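Asker: Sharing a structure here in structure tokens format.
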Amino acid sequence: YTLSLRYISMVSGGCQGSSITQHYLRVFLEELGHVLCKAPSEPFHVIFPDSTHDVMNLQQFQYYESQCLSSNATAFIYKLSHMKNDTVNTYLAERNAMRFRLIRRNALDHKICSIRDCFDRSPKHGFPCDSKGNPNHVCMKRRRDPNATSLACVNPEGFISVVANMHNEQKRVIATDPTTVLSENLLAFQYNFDGALDISMQEWHRLLSSIGEKVTLRRVQQLLWELDWTPRSYTPQRKEIYNYDAFEKALMGHGKEELIAMLRRY
């Protein structure tokens, strides 16, 4: 390998905003003068049919790396799922990879998305369903098809318990891992509320600085202004949970104030 190639490791799981964050990070780094590695033309499970395609193994990583080196790239962004792959971790450490951890601060939104996208298949938490409560398997297709309906039909007690555990783990990570950035903050500029741009500007500046970019807040602000994006609005969880009333009643009965604060009723 060569020291001219900067290895950037993003630690994140599903439903945490990793795809859009990685997209914007690529755009920013290219604007700052980097040449980014291009993804292989075929999915890894096609190139390596005997490998699982949800977590990149060392063979796949080395294949991607060789493509980067042959293309004269200067930056290589790699998504790592929750630090599970120790072999790839060691390989990255040997290359002085710069790492940051991305999490979705609202554990309620995270778990709803995990059920709707079929990442969480535990019946203790719930299952994806259509508008009539019938189980379905639309999963991540809902992101590409505006006509696809996928709601989360939750088991209130089990769902509340797992969300509470996730929230506590997130607080621990934020308190102990200084590389942690919040997807809600990075993407706040897309939403119309006071101070949204400043929140995103500060979080992107912190992220870019942590991976070695010497960039000013003013330059980050300019990068955000130049992005091509469509304004978004927050969706009330009532529109995402099929049996919302039963869930909210159970949540209020528990009196978990930190979880209640995650609700959006409009």
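The values are calculated or read from the model by the stated rules, or taken from the named source; none is laboratory data. Computed from a predicted structure; not experimentally measured. FYI the Cβ positions are ideal-geometry reconstructions off the backbone, even for glycines, and counts take in every protein chain you see. All accessible areas refer to the heavy atoms of the entire protein, side chains included, with ligands and DNA or RNA removed. Shrake-Rupley method; radii C 1.70, N 1.55, O 1.52, S 1.80 Å.
Asker: Output the Cα-based Rg and Dmax of region 127-262 in Å, rounding Rg to one decimal and Dmax to a whole number.
Answerer: Radius of gyration, then largest Cα-Cα span, for region 127-262: 18.5, 52 Å.
Asker: Charges only on Cβ, +1 for Lys and Arg, -1 for Asp and Glu: so what's the dipole of region 170-266 about the Cα centre, in debye to the nearest 20?
Answerer: Roughly 120 debye, rounded to the nearest 20.
Asker: Dividing the Cα convex hull volume of region 101-197 by residue count, how many Å³ per residue is that?
Answerer: 130
Asker: Would you grab the residues whose amide H sits under 5 Å from the one on residue 6? Only those 5+ places off in sequence or on another chain, please, with H modelled 1.01 Å from N.
Answerer: Excluding prolines and chain starts, which carry no amide H, the hits are 75, 76.
Asker: Could you name the aspartates and glutamates in cross-link range of residue 171, using Cα to Cα under 16 Å and dropping any fewer than eight places away on the same chain?
Answerer: Those aspartates and glutamates meeting the cut-off are 109, 184, 257, 258.
Asker: Over region 183-266, what percent of the accessible surface lies on carbon and sulfur atoms, probe 1.4 Å?
Answerer: Of the solvent-accessible surface of region 183-266, carbon and sulfur hold 50 percent.
Asker: Let me ask something else. Residue 153's amide H: which non-local residues (gap 5+, or another chain) put their own amide H closer than 5 Å, with H modeled 1.01 Å from N in plane and none for Pro or chain starts?
Answerer: Those lying under 5 Å, H to H, from residue 153 are 127, 129, 242.
Asker: Lysines near residue 79 by alpha-carbon distance under 16 Å, same-chain residues fewer than 8 away left out - which ones?
Answerer: Result set, ordered by chain and number: 38.
Asker: Send over a whole-number figure in Å² for the accessible area per residue of region 214-266, probe 1.4 Å.
Answerer: I get 71 Å² per residue for region 214-266.
Asker: Kindly write out, for region 187-202 in residue order, the coupling ³J(HN,Hα) from the Karplus curve 6.51 cos²θ - 1.76 cosθ + 1.60 (θ = phi - 60°), rounded to whole Hz, with x marking Gly and Pro.
Answerer: 9, 4, 4, 6, 10, 8, 9, 4, x, 4, 4, 5, 4, 5, 4, 5
Asker: Now for a separate question. Run the reach check for residue 132 against lysines, Cα to Cα strictly under 22 Å, same-chain hits fewer than 8 apart removed. What comes back?
Answerer: 111, 124, 141, 239, 249
Asker: Projecting each Cα onto the charge dipole of the chain (Lys/Arg +1, Asp/Glu -1 at the beta carbon, about the Cα centre), which of 151, 93, 110 comes out farthest on the positive side?
Answerer: My answer, from the dipole projection, is 151.
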